[in-house]
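To start, the structure itself, in structure tokens.
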Amino acid sequence: MKHKRQWVQFGWVCLKARKNGPDVWVLRYRENLPDGSTTRRSVAIGTVKEFPNESQARKAALSWLFSMNAEASNGAPVSFGAVIRRYLAEEIPERPVGNPPPSGGELWLKYLEGKTTVWWAILGLSVFKDFLFVPVTLSLYLALKRVNKNAMLIASAFVGLFVVLDLAVLWTNYASLLTLSRLHTAATTDVQRAAYVAAANYASAVLESHTEVFYSIVDLSVAILIIGFVMLQGKGIFNKTTAYLGVGAGIFGIVSISGFFVTIIINALLVTAWVLFVGYRLFRLGLHGQSSGSV
């Protein structure tokens, strides 16, 4: 007779106070027993010293639950979709599926506490990335203008508009929130904190607007879509894989204005792949131009 293993799935984390020593993060979950009944279990994940915030405690708890589910041989399996949804809720709790990022100035300031260094690094890399689009777009225009000059001019204009608006709107408002978060943390009176929250409300409202989504995603996607079609026309300059990646990235980018999380992720992956293919091909074209000029 085979032993029927017990099955557990996802649980929830809470903080349990202790009289002696630091408080403890506790994972509570439901477990299906061999007789078909269900019982509640709990297990200590670690203290607040080990996991200073709830997000870290949930991550540790999730790893433990996944290991338990992996051992289960009976019961309903954990679907890939459930894993993704749980990851988004646990690893990025501030941005659950179907919901916007932290709303309101105060929530943004609290979210950024202790994370400003990481976010400044992200901001710096993102600004650098925007500037890199300028030479890349210029190189694409020079490589494809003989195929369709008007289309490439329109695409270049969209890229330029994206760079300007991304720098002036998106990253400027993020920089404002990072600065206000530092000032809010250092504030000593409620009046000062209220003033910083009021200032953060403006940046938060801008980042949550649909117009900002168009600036940061759709603008560039339209340009990449146009360039992708031009690549399909210009045989021998860029291969079809690069062209179709551009077309796909453009389509998913335009659709992502709906706010559907999956389309945003697919767009980001396709744009990344497209940029890599474009960069490699432009590098090869540059080498070929140098060798031709030296002959």
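The values are calculated or read from the model by the stated rules, or taken from the named source; none is laboratory data. Note that the coordinates shown come from a computational prediction; the quantities given were computed from them, not determined experimentally. All Cβ positions, even for glycine, are placed from backbone atoms using ideal geometry, and neighbour counts span all protein chains on display.
Residue check: is SER258 in the same structural domain as LEU142 (by TED's automatic domain parsing) and either farther than 30 Å from ASN173 by Cα or buried (at least 18 other Cβ atoms within 10 Å of the Cβ) (or both)? Answer is no for this residue. Checked against the criterion of being over 23 Å from ASP166 (Cβ atoms) and of a type outside the set (A, V, I, L, M), the candidates GLY228, GLY250, GLY236, GLY279 yield just one match: GLY236. In the stretch 272-295, of all residues being of a type in the set (A, V, I, L, M) and at pLDDT below 85, the one that is nearest to VAL136 (Cα to Cα) corresponds to LEU285.
Contact map, the stretch 130-154: first residue assigned by TED's automatic domain parsing to the domain that holds ALA168 and buried (at least 17 other Cβ atoms within 10 Å of the Cβ), second residue modelled with pLDDT of 90 or more and not in a helix (DSSP H, G or I), Cβ cut-off under 6 Å, separation 6 or more or different chains; pairs are MET152/LYS145.
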